[in-house]
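Working notes for the structure below.
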């Protein structure tokens, strides 16, 4: 029972993180300078940082919350 909950949390958190990351990169690509989108895509922590600065605050917060949830789920999975 516990294992299935942890696996479900892992999947949902990772899917949310991936979706938030892509939407942040798309949002950054629509703003200047556009090179931030490319850099944020490959250096993941830059995306929420620049997203916050560009007014994409909800997406940036969702990214951080999903990353923390994924990290917590990974910690539970390894114990």
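What follows is calculated from the coordinates using simple rules that are stated; it is not laboratory data. The model shown is predicted, which means the values in this text are computed figures rather than measured ones. We place every Cβ from the backbone using ideal geometry, glycine too, and count neighbours over all the protein chains shown.
Quick look at the numbers
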item: Residue within segment 3-14 that is in a helix (DSSP H, G or I), surrounded by fewer than 19 Cβ atoms within 10 Å (Cβ to Cβ) and within 10 Å of the chain's Cα centre (by Cα) present; result: yes
item: Check on residue 20, in contact (Cβ under 8 Å) with a residue 40 or more places away in the chain and either surrounded by 13 or more Cβ atoms within 10 Å (Cβ to Cβ) or in a loop (DSSP other than H, G, I, E, B) (or both); result: yes
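Here is a yes/no grid of residues against (1) under 26 Å from residue 75 (Cβ atoms); (2) surrounded by fewer than 19 Cβ atoms within 10 Å (Cβ to Cβ); (3) out of contact with any helix residue (DSSP H, G or I) (no Cβ under 7 Å at 6 or more places or on another chain); (4) in contact (Cβ under 8 Å) with a residue 60 or more places away in the chain:
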{"position": "27", "(1), (2), (3), (4)": "no, no, no, no"}
{"position": "38", "(1), (2), (3), (4)": "no, yes, yes, no"}
{"position": "48", "(1), (2), (3), (4)": "yes, no, no, no"}
{"position": "51", "(1), (2), (3), (4)": "yes, no, no, no"}
{"position": "54", "(1), (2), (3), (4)": "no, yes, no, no"}
{"position": "59", "(1), (2), (3), (4)": "yes, no, no, no"}
